[in-house]
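Working notes, beginning with the structure itself.
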Amino acid sequence: MKGVVFCDGNPFPGASIAFIGNEGGAYGSAVSNDAGEFTIRAAVGKNKVAVSKGDSRVAAKYDPNVDQTMGTEEEVAIQMKNAPKPLVAEKFTDPQKSGIEIDVVPNMSSVDISVTSK
(Lines give C-alpha, C1' and ligand atoms only; values in the text may rest on other atoms or scores of the structure.)
Protein backbone atom coordinates (compact mmCIF):
# COMPACT_ATOMS: atom_id res chain seq x y z
CA MET A 1 0.00 0.00 0.00
CA LYS A 2 1.17 3.53 -0.72
CA GLY A 3 0.54 6.72 1.14
CA VAL A 4 1.64 10.24 1.94
CA VAL A 5 2.28 11.55 5.45
CA PHE A 6 1.78 15.23 6.29
CA CYS A 7 2.77 17.23 9.37
CA ASP A 8 1.04 20.55 9.95
CA GLY A 9 -0.31 20.32 6.38
CA ASN A 10 3.07 19.83 4.68
CA PRO A 11 4.61 16.65 3.23
CA PHE A 12 6.73 15.08 5.97
CA PRO A 13 10.00 13.55 4.73
CA GLY A 14 11.97 11.12 6.90
CA ALA A 15 9.02 10.20 9.11
CA SER A 16 8.73 6.68 10.52
CA ILE A 17 5.28 5.21 9.93
CA ALA A 18 4.02 2.05 11.65
CA PHE A 19 0.82 0.11 10.96
CA ILE A 20 -0.23 -2.31 13.70
CA GLY A 21 -2.98 -4.68 12.62
CA ASN A 22 -4.69 -7.85 13.78
CA GLU A 23 -4.95 -6.50 17.34
CA GLY A 24 -1.18 -6.20 17.59
CA GLY A 25 -0.43 -9.41 15.70
CA ALA A 26 0.92 -7.74 12.56
CA TYR A 27 3.41 -4.92 12.21
CA GLY A 28 4.51 -3.00 9.12
CA SER A 29 6.83 -0.01 9.01
CA ALA A 30 8.18 2.45 6.47
CA VAL A 31 10.06 5.74 6.23
CA SER A 32 8.70 8.54 4.06
CA ASN A 33 10.75 9.94 1.17
CA ASP A 34 11.45 13.62 0.41
CA ALA A 35 7.85 14.09 -0.79
CA GLY A 36 6.36 12.44 2.32
CA GLU A 37 5.48 9.33 0.30
CA PHE A 38 5.83 5.82 1.68
CA THR A 39 5.13 2.22 0.73
CA ILE A 40 4.17 -0.24 3.46
CA ARG A 41 2.97 -3.81 3.84
CA ALA A 42 0.00 -3.68 6.17
CA ALA A 43 -2.37 -6.37 7.38
CA VAL A 44 -5.85 -6.43 5.88
CA GLY A 45 -8.38 -5.04 8.36
CA LYS A 46 -8.20 -2.28 10.95
CA ASN A 47 -4.69 -0.96 11.60
CA LYS A 48 -3.67 1.48 14.28
CA VAL A 49 -1.06 3.91 13.01
CA ALA A 50 1.87 5.68 14.64
CA VAL A 51 4.10 8.38 13.14
CA SER A 52 7.36 9.65 14.61
CA LYS A 53 10.39 11.70 13.66
CA GLY A 54 13.12 13.32 15.70
CA ASP A 55 15.36 16.25 14.88
CA SER A 56 18.72 14.53 15.02
CA ARG A 57 20.78 17.59 14.11
CA VAL A 58 21.74 18.06 17.77
CA ALA A 59 22.29 14.37 18.51
CA ALA A 60 25.82 13.21 19.16
CA LYS A 61 27.28 11.17 16.33
CA TYR A 62 27.66 7.46 17.02
CA ASP A 63 31.26 6.42 17.62
CA PRO A 64 31.81 2.66 17.78
CA ASN A 65 35.11 3.24 19.60
CA VAL A 66 33.46 4.91 22.58
CA ASP A 67 32.52 2.80 25.60
CA GLN A 68 28.77 2.09 25.30
CA THR A 69 28.15 1.22 28.95
CA MET A 70 25.82 3.38 31.05
CA GLY A 71 27.51 6.61 32.02
CA THR A 72 27.40 8.58 35.23
CA GLU A 73 24.30 10.59 36.10
CA GLU A 74 26.01 13.70 34.73
CA GLU A 75 26.98 11.96 31.46
CA VAL A 76 23.42 10.66 30.99
CA ALA A 77 22.04 14.18 31.59
CA ILE A 78 24.30 15.49 28.81
CA GLN A 79 23.20 12.67 26.49
CA MET A 80 19.54 13.44 27.18
CA LYS A 81 20.13 17.13 26.46
CA ASN A 82 21.62 16.14 23.10
CA ALA A 83 18.95 13.53 22.28
CA PRO A 84 16.92 14.08 19.10
CA LYS A 85 13.99 16.41 19.72
CA PRO A 86 10.58 15.07 18.62
CA LEU A 87 9.09 16.79 15.59
CA VAL A 88 5.67 15.16 16.04
CA ALA A 89 3.18 15.64 18.88
CA GLU A 90 3.76 12.81 21.38
CA LYS A 91 0.31 11.27 20.97
CA PHE A 92 1.05 10.35 17.32
CA THR A 93 4.06 8.23 18.34
CA ASP A 94 1.82 5.74 20.17
CA PRO A 95 -0.58 3.71 18.00
CA GLN A 96 -2.93 3.32 20.98
CA LYS A 97 -3.18 7.11 21.45
CA SER A 98 -2.68 8.52 17.94
CA GLY A 99 -6.35 8.36 16.98
CA ILE A 100 -5.32 7.22 13.50
CA GLU A 101 -6.93 4.00 12.36
CA ILE A 102 -6.96 2.82 8.76
CA ASP A 103 -9.12 -0.02 7.50
CA VAL A 104 -6.84 -1.72 4.97
CA VAL A 105 -8.52 -3.58 2.09
CA PRO A 106 -6.91 -5.55 -0.77
CA ASN A 107 -5.74 -3.37 -3.70
CA MET A 108 -6.28 -0.22 -1.65
CA SER A 109 -5.28 3.06 -3.27
CA SER A 110 -3.08 5.64 -1.59
CA VAL A 111 -3.90 6.93 1.88
CA ASP A 112 -3.07 10.29 3.44
CA ILE A 113 -1.96 10.46 7.06
CA SER A 114 -1.97 13.82 8.82
CA VAL A 115 -0.24 14.63 12.10
CA THR A 116 0.72 17.82 13.90
CA SER A 117 3.90 18.99 15.59
CA LYS A 118 2.03 20.18 18.70
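Just to verify a result, which residue in segment 106-116, among those that are open to solvent by 50 Å² or more (accessible area, probe 1.4 Å) and modelled with pLDDT of 95 or more, is farthest from residue 45 (Cα to Cα)?
Our first condition is that a residue be open to solvent by 50 Å² or more (accessible area, probe 1.4 Å); within segment 106-116, this holds for 106-110, 112, 114, 116.
Next cut, modelled with pLDDT of 95 or more only: 112, 114, 116.
Numbers: 112: 17, 114: 20, 116: 25 Å.
Per the criteria, the residue is 116.
Failed condition for residue 43, given (1) more than 19 Å from residue 6 (Cβ to Cβ); (2) small (Gly, Ala, Ser); (3) open to solvent by 30 Å² or more (accessible area, probe 1.4 Å), with all others met?
Status for residue 43: all satisfied but (3).
Go through segment 78-94 and give me each residue that's without any contact (Cβ under 8 Å) to a residue 24 or more places away in the chain and either touching a strand residue (DSSP E or B) at 6+ places or on another chain (Cβ under 6 Å) or surrounded by 11 or more Cβ atoms within 10 Å (Cβ to Cβ) (or both).
Kept after step one, since they are without any contact (Cβ under 8 Å) to a residue 24 or more places away in the chain, are these residues of segment 78-94: 78-81, 90-91.
Selection gives 78, 79, 90, 91.
Out of everything in segment 29-40 that is open to solvent by 30 Å² or more (accessible area, probe 1.4 Å) and of a type outside the set (S, T, N, Q), what residue ends up being nearest to residue 107 (Cα to Cα)? Steps first, please.
From segment 29-40, those open to solvent by 30 Å² or more (accessible area, probe 1.4 Å) are 29, 31, 33-35, 37, 39; that's our starting set.
Right, trim to of a type outside the set (S, T, N, Q) and you get 31, 34-35, 37.
Values: 31: 21, 34: 25, 35: 22, 37: 17 Å.
That would be 37.
I want to confirm something. Restricting to segment 70-105 and keeping residues that are farther than 22 Å from residue 41 by Cβ and among the small types (Gly, Ala, Ser), which single residue is nearest to the chain's Cα centre (by Cα)?
Ranking the candidates gives 89 first.
When you look at residue 65, is it at pLDDT 95 or above, out of contact with any Phe, Trp or Tyr (no Cβ under 6 Å at 6 or more places or on another chain) and assigned to a loop (DSSP other than H, G, I, E, B), yes or no? Spell out how you get there, then give the answer.
Numbers: at pLDDT 95 or above: no; out of contact with any Phe, Trp or Tyr (no Cβ under 6 Å at 6 or more places or on another chain): yes; assigned to a loop (DSSP other than H, G, I, E, B): yes.
The answer is no for residue 65.
Could you grab me the full set of residues in segment 17-28 that are in a strand (DSSP E or B) and open to solvent by 50 Å² or more (accessible area, probe 1.4 Å)?
27
Considering segment 88-113 alone, what residues qualify as being closer than 18 Å to residue 36 by Cα and either in a loop (DSSP other than H, G, I, E, B) or of a type outside the set (Ser, Thr, Tyr) (or both)? Spell out how you get there, then give the answer.
Looking only at segment 88-113, we keep the residues that are closer than 18 Å to residue 36 by Cα, and these are 88-89, 92-93, 100, 102, 109-113.
Selection gives 88, 89, 92, 100, 102, 109, 110, 111, 112, 113.
For the subset of segment 45-60 comprising residues that are at pLDDT below 95 and among the aliphatic types (A, V, I, L, M), which member is farthest from residue 104 (Cα to Cα)?
Taking the candidates together, the pick is 60.
The values are calculated or read from the model by the stated rules, or taken from the named source; none is laboratory data. Treat the numbers as computed from the prediction; the structure is a model and nothing was measured. For neighbour counting, all protein chains shown are included, and Cβ atoms are generated from backbone atoms with ideal geometry for every residue, glycine included. When the accessible area is computed, the model is the full protein with side chains, heavy atoms only, and any ligands, DNA or RNA have been set aside. Shrake-Rupley method; radii C 1.70, N 1.55, O 1.52, S 1.80 Å.
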